[in-house]
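Accompanying notes for the structure given below.
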Amino acid sequence: MLKMTNKLKGKYNKLTISGKITLIYTSVFMLMIVIVSVIALFNMWISYNSMSKNEINAAADRIESYICEGNPLDKTKIEAVIDNPYIDAIILNKSKRPGGNIGTMNNPERFPRVDDIDNKEGDFYGRNNVDDIPYMFMHRVFEYDGDTYEILIFRKNQLENKALYLCLTIVVITNLISILVAVLIGKYISKKMLSPIREITEAAESISLYDLSQRIAVPETKDEIHTLVITFNDMIDRLQENFNKENQFISDASHELKTPIAIIQGYINMIDRWGKDDPEILNESIDSIKSETEHMNKLIQQLLYLARDTQGKNQINIEQVSLYEIAEDVTKEIEVSNPDIVTTFENEANDDIIVEADNHLLKQLIWIFAENGIKYSGDKQCHLTIKVGYKNDEPYFSVTDNGIGIEESALNKIFDRFYRYDESRNKKIEGNGLGLSIAKAIVRQLDARIEVNSVVGEGSTFTVIFKKCE
């Protein structure tokens, strides 16, 4: 039994979803129609049975009333009293046997004898076949005028049984046709329901790394398939967007690396041609190669950081650190390394501020915003203001510069990789457009959020807000 069950389970698991839906739909429909058919046939049988009993009881009551009125036992008169062509009777007067016995049927010996009936008192019902004709019978005993009478009432059920067999045949044929129709309807419904899934499969098969243009038509029905199609299309949109970004990233990275490599190759060729015996050209070439090498090294480190961040492989050490001390240290480092810059440090909390962060990354984050402000200070002297404090009980730091500012339309782009604001007017500004991308990645790793406020021509403020320490 278990082996057969496992075999059937294995066959079921091999079916397609369409096949499973059709099988389940047909099985449920078949079960329901069989139950309805059985109930209908049972009710018909109960109805016929009740009708036969009622007719038998009515005949017995009329015969008993006829006898109790003192009427003689006469076959013709008894038949008139019964008044039902499907009912026959045997009446026995036990006190006057055999002369007090009559029967309304021919050859009454074919019918069950009273002595063969176990129950000798009250009304007893039974069934029997006589000459292959089904009968329902009843045995009744009563007394009148000192005599004991027994009545056997027989009712033919031949027509009712034929009707039941005919209904059973019709039900079986109808059920088979209904099941066949159910299978066809189930296949059609499952095919119709699963057509979007087939479209999804075909679209998925046709999508390649270089072609993400395929989309699936959204069905009008507001069901799970509708949601699935929308989700699939949204997923392809995100994949295409990320793919385009990655392509742009690779293109920009290649471009950024091409420039220093070209410069290094140029100076190497210069040394090879004229610099071997010219100390001035040799020193100039070495300085330039060192500078471009450092630029390439920084760019590669930034690219590696962003690549590891995309893969979730950047390791951080979250601990409780002093935001006040780190921000103050960065301010001092800026003053030492850039004496021409006016720096201001403000602690609005007038106390130490503790945040959960990585000490190195937090310091790097403040430096990124400071360097960004220095680069985009324009022709005027750079003023930097670094603040720490609380906003709605959440610790924060901000870096404010007095640079060229950022237009509102560009605020949602400044954190994109290799994006450089208004590059056409700022070609002389050093950098590769990765600083703010790294800042965004660090903010995400520290589970913080970033806000930017800027006025063109007046400067920008970058604010990072941390969660409260528990």
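Miscellaneous remarks
- Qualifying residue in the stretch 293-309 (condition: more than 48 Å from the chain's Cα centre (by Cα), modelled with pLDDT of 75 or more and part of a helix (DSSP H, G or I)): yes
- Qualifying residue in the stretch 164-173 (condition: at pLDDT 80 or above and under 18 Å from the mean Cα position of the chain (by Cα)): no
- For the condition assigned to a helix (DSSP H, G or I), of a type in the set (V, I, T) and surrounded by fewer than 20 Cβ atoms within 10 Å (Cβ to Cβ), V330 does not qualify.
- Selection count, the stretch 58-98, where residues are open to solvent by less than 30 Å² (accessible area, probe 1.4 Å), in contact (Cβ under 8 Å) with a residue 24 or more places away in the chain, outside any strand (DSSP E or B) and touching a helix residue (DSSP H, G or I) at 6+ places or on another chain (Cβ under 7 Å): 3
- Taken over the stretch 387-404, the criterion of being in contact (Cβ under 8 Å) with a residue 40 or more places away in the chain and surrounded by fewer than 19 Cβ atoms within 10 Å (Cβ to Cβ) is satisfied by K387, G389, Y390, K391, D393, E394.
- Single unsatisfied condition, V183 versus (1) of a type in the set (V, I, T); (2) in a loop (DSSP other than H, G, I, E, B); (3) in contact (Cβ under 8 Å) with a residue 12 or more places away in the chain; (4) out of contact with any Pro (no Cβ under 7 Å at 6 or more places or on another chain): (2)
- With respect to the conditions (1) open to solvent by less than 60 Å² (accessible area, probe 1.4 Å); (2) assigned to a loop (DSSP other than H, G, I, E, B); (3) within 21 Å of V456 (Cβ to Cβ), N372 falls short on a single one, namely (2).
- Complete set of residues in the stretch 337-352 that are modelled with pLDDT of 90 or more and within 51 Å of the chain's Cα centre (by Cα): N347
- Filter result for the condition that a residue is at pLDDT 80 or above and in a helix (DSSP H, G or I), over N6, N43: N43
- Members of the stretch 407-465 that are modelled with pLDDT of 85 or more, aliphatic (A, V, I, L, M) and assigned to a loop (DSSP other than H, G, I, E, B): L446, A448, V456
- Taken together, the residues in the stretch 221-237 that are exposed (fewer than 15 other Cβ atoms within 10 Å of the Cβ), β-branched (V, I, T) and touching a Pro at 6+ places or on another chain (Cβ under 6 Å) amount to 0.
- Residue that is nearest to V321 (Cα to Cα), among those in the stretch 333-353 that are open to solvent by 60 Å² or more (accessible area, probe 1.4 Å) and assigned to a helix (DSSP H, G or I): E333
- Residue match in the stretch 321-343 (condition: over 24 Å from H383 (Cα atoms) and touching a Leu at 6+ places or on another chain (Cβ under 8 Å)): yes
The values are calculated or read from the model by the stated rules, or taken from the named source; none is laboratory data. Because the structure is predicted, anything quoted here is derived from the model rather than measured. Note: ideal-geometry Cβ built from the backbone for every residue, glycine included; neighbour counts use all protein chains shown. For accessibility, only protein heavy atoms count, side chains too; no ligands or nucleic acids. Shrake-Rupley method; radii C 1.70, N 1.55, O 1.52, S 1.80 Å.
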